[in-house]
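Engineer: Mind having a look at this structure? Questions to follow.
The values are calculated or read from the model by the stated rules, or taken from the named source; none is laboratory data. Being a predicted model, the structure only gives us computed values, none of them experimental. We place every Cβ from the backbone using ideal geometry, glycine too, and count neighbours over all the protein chains shown. SASA here: full protein model, heavy atoms, side chains in, ligands and nucleic acids out. Shrake-Rupley method; radii C 1.70, N 1.55, O 1.52, S 1.80 Å.
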Amino acid sequence: MDLEYGTFATISDLQRAEVALAIRLRYEAGLSAFSTALIEASPGDPNTIHQALHHLLAAADSSRVYIAENFVDQHEDGTTCVGMKLIYEACVEGIEPEIDNPALQHGYYHDGFQRWYDTLSQGLPIAGLVTNFPDSERIFLQLQSITSILVLPIFMGGSFYGFIGFDHVQAERVWEENDVRLLRTAGEILSAHLQRQRAAAELVRKYEQLRAVFVLSETAARAGSLSDIYTAALNALHQALGADRASVLLFDTDGVMRFKATLGLSATYCEAVEGHTPWAPDTYGPEPVLSANIIVDHTMAAPLPRTGEPLRDVVAREGILALGMIPLVFQGRLLGKFMVYYDSPHQFPPEEIQFMQTLASTLANAIGRKHAGDALRQSEQRYRLFMQNFTGIAYQIEWGSSHPTLFEGTVPEIIGYTAEAILSGEISWADLMDQQDRERVLALGHWLFDTTGSSTDDEYRVLHKSGEMRWVRDIARHVVDEENERNFIQGAIYDMTERKRAEEEQLEMERRLFHAQKLESLGVLAGGIAHDFNNLLLAISGNLEVAQLHIGPDAPAAPFIERAMNAIHSAAGLAQQMLDYSGRGHFIVEPLDLNLLVEQNCEFVRAAIARSRVLELQLASNIPAINADSSQIQQVIMNLITNAAEATADVDGKILVSTGVAQYDAAYLALSRGVEKPPPGLFAYFQVEDNGSGMSAEVQQRLFEPFYTTKFTGRGLGMAAVLGIVRGHHGAIVVESNVNEGTCVRVLFPLPVKHAQQQ
């Protein structure tokens with residue numbers, strides 16, 4: 001053996017391992033910072049993703065990272081095309097950003113990048129040197145000085161949302177499989193954040209719509225003129241729908257529809273289209289007219305009554321590409337319409353149409369009330385319409401009253417009691433509040449009553465009649481009725497339980513993902529270290545063996561060399577445990593009798609443990625043979641029984657070891673502590689149960705981490721090796737434990753297909 005060469009090779013391997021470890025740590029740090037930035041961000045913050053991308057840029061050691069979002073366009077010929085637009089980007093210093101590149105703001109896949117769409121939509125990455133790409137892609141990418149690229153798909157709700165890309169500029173770079181795998185994790189984290197962001201935006205949108213109806217109703221009830229009502233309606237359309245422009249038009253006495261109020265429209269446009277209406281004044285039950293894209297909508301070619309020019313041409317000159325006309329109907333009579341305009345194509349989903357119709361009903365009632373002068377009757381009708389679309393509780397509390405004077409809405413759904421029970425004082429709303437929130441909420445209510453013009457927006461918990469704790473959002477304001485010399489609190493309560501539950505589930509899912517990634521990373525690290533450690537031990541043992549050949553057994557150095565060899569064997573065992581944890585240990589798989597293995601190992605343990613502990617066996621008969629490595633399975637059995645014996649040191653210990661065969665579904669297998677969950681099927685299992693000290697949730701969380709131990713002399717590799725062995729056999733391990741209530745560990749091994757079919 002060439003010792004010098006072997007030494008250099010060992011050093012080279014170590015250097016490569018150190019480089020790989022540094023890259024791995026860089027990725028972990030960047031991905032952790034990226035995840036943290038997204039989790040800790042305020043919902044709706046537009047800078048969140050941009051700032052988080054800088055962490056991802058550092059993790060990938062790339063020149064540029066960006067996110068593209070897909071869109072669908074409909075052309076005049078009726079065809080639809082899928083395109084992409086760049087929405088976020090981060091670059092290292094000295095690299096020109098491409099966020100404002102027109103080609104990246106509205107590019108179609110079919111224009112040279114159809115391969116990207118076909119590949120990414122199947123969940124596959126695109127990676128490589130740009131020089132190897134097809135000409136249509138290569139030329140475009142080289143114009144941006146890109147030499148190599150990695151593109152990963154982003155899916156939301158099972159649909160292809162867009163992609164995240166990593167550019168390397170100037171120097172060429174080969175994207176390794178490990179790069180793709182780790183950066184896929186970033187895409188999954190980003191997808192979860194975007195879904196959470198979308199859910200939050202949807203809640204905000206619904207709240208804004210309810211608030212818009214509420215504000216419009218209140219304005220209409222108090223307004224001294226129609227002008228105030230029109231202004232409130234236009235603001236509601238602009239804010240709650242995100243419309244770029246809006247208008248209100250009514251039929252005059254001569255039957256011509258004219259503008260009464262506008263927002264964002266030019267006088268030239270109003271003059272050109274005035275008089276146009278899709279409905280006659282006596283139309284019964286008119287339906288909304290919606291145009292998602294006036295360019296491809298043939299109905300927009302209708303001539304205008306004054307000039308005969310096509311409506312589409314005048315609308316397009318104003319910069320409008322989509323519009324909606326919502327009829328204003330009062331007591332079956334068509335009063336006019338309100339309109340929303342968008343400067344880009346806009347789809348009108350059903351919930352948006354319903355909201356616009358609710359808003360139209362509210363506006364029409366206000367106009368009709370003013371025209372008819374029947375304020376009381378119209379106010380009641382407006383209120384009924386509002387409550388039909390209201391999914392919370394509207395309430396009012398008079399100054400000095402012990403219970404509300406108004407409490408209507410989805411009361412039974414939220415608290416399980418009737419509104420009458422609250423109004424009569426039979427049930428107190430304060431008594432339903434959770435004890436942890438009650439003092440704070442009541443103090444806030446007193447402040448609200450004492451402070452004129454004040455308002456609150458608070459979330460707290462209330463107890464449903466069924467015993468379930470529910471979250472509510474309470475928005476209230478102090479109202480002064482000077483005419484009748486009254487002060488009262490007026491507010492609305494919304495059920496936020498599902499949103500809170502979704503947020504908690506999302507956080508729990510992200511926590512589990514981070515923990516799984518940590519265990520996976522530790523496994524890779526442990527396997528790499530053990531591999532290199534074995535190489536070093538091999539070199540040391542080889543040199544010691546050579547030394548033994550050159551000296552006799554009676555030489556003074558002989559016993560020292562022998563002790564060193566013994567230490568090397570112990571170190572090799574330690575390295576083997578690390579390899580077992582990483583799943584890279586050497587397995588000799590053969591059919592095994594699980595019951596026989598359990599019996600043999602229990603005999604060894606029974607002879608070693610104290611007589612105060614009782615070791616019982618419950619072995620099922622006729623268990624099919626499992627395909628496994630006997631020495632590895634023996635290590636698992638010994639570890640679990642030894643741990644159970646140590647856990648019962650302070651009690652009259654009882655250890656029950658059992659075996660069996662059972663069918664397990666995905667829900668149960670999801671409880672496995674391994675990162676990868678086996679598919680549902682038939683499994684043979686052995687289980688170790690004790691009545692010992694048990695484990696806290698914190699200890700269980702770290703139970704399988706290498707080098708973590710609660711024992712004074714432990715190395716923390718026993719349970720880590722158990723997990724690695726189970727993972728290497730494609731099995732599962734489930735742990736149930738509570739402090740002072742004992743522990744139960746069940747290890748599952750998949751049975752060969754022939755046994756599963758026989759069952």
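Engineer: When the convex hull of the C-alpha atoms of the range 235-351 is computed, what volume per residue in Å³ does it have?
Structural biologist: On the way: hull volume 12.9 nm³, N = 117.
Cα-based convex hull of the range 235-351, divided per residue, equals 111 Å³.
Engineer: Something else now. Please report the spacing between the Cα centers of the range 457-506 and the range 224-296 in Å, no decimals.
Structural biologist: 35 Å
Engineer: Using label points projected 7 Å from each Cα along Cα→Cβ, tell me how many nm separate ASN622 and ALA302, to one decimal.
Structural biologist: In this crude spin-label approximation the distance works out to 7.9 nm.
Engineer: OK, next. 5 Å is the cut-off here: which amide hydrogens, built 1.01 Å from N in the peptide plane, fall below it relative to ILE626, excluding neighbours closer than 5 in sequence?
Structural biologist: When sequence neighbours closer than 5 places are left aside, the close amide H contacts are LEU592, LEU594.
Engineer: Find how much the distance from ILE568 to VAL480 grows on full extension, using 0.36 nm per residue of separation minus their present alpha carbon separation; answer in nm with one decimal.
Structural biologist: 23.1 nm
Engineer: Counting other Cβ atoms within 10 Å, which GluC sites (Glu not before Pro) in the range 107-210 have at most 15 and lie in a DSSP loop? Walk me through the numbers on the way to the answer.
Structural biologist: On the way: sites: GLU137, GLU172, GLU176, GLU177, GLU188, GLU202, GLU208; in loops: GLU172, GLU176.
Here the sparse-neighbourhood loop sites are GLU172, GLU176.
Engineer: For the range 37-189, what relative contact order do you get, as a whole percent, if you take Cα pairs closer than 8 Å and at least 6 residues apart? Please report the intermediate quantities before stating the final value.
Structural biologist: Working: 256 pairs, mean separation 31.6, N = 153.
Reported relative contact order: 21 percent.
Engineer: Below 12 angstrom from the Cβ of ARG245, what's the summed charge of the other residues (Lys, Arg +1; Asp, Glu -1)? Write down the numbers at each step before the final one.
Structural biologist: Numbers: positive: none; negative: ASP244, GLU318, ASP343.
Around ARG245, the surrounding residues sum to -3.
Engineer: Counting only heavy atoms of the protein chains, get the accessible area per residue of the range 72-194 (1.4 Å probe) and round it to a whole Å² value.
Structural biologist: About 49 Å² of surface per residue is accessible.
Engineer: Using a cut-off of 15 Å between beta-carbons, work out the net charge of the residues near ASN132 (Lys and Arg +1, Asp and Glu -1, ASN132 not included).
Structural biologist: Working: positive: ARG115, ARG138, ARG173; negative: ASP135, GLU137, GLU172.
Cβ neighbours under 15 Å give a net charge of 0.
Engineer: Compute the FRET efficiency between GLU413 and ALA199 as 1/(1 + (r/R0)^6), taking r as their Cβ-Cβ distance and R0 = 25 Å, and round to the nearest 0.05.
Structural biologist: My answer for the efficiency is 0.75.
Engineer: Further, regarding this structure: Report the gain in length on full extension from ALA316 to ARG438: 0.36 nm times residue separation, minus Cα-Cα distance, nm rounded to one decimal.
Structural biologist: Contour length minus Cα-Cα distance gives 38.3 nm.
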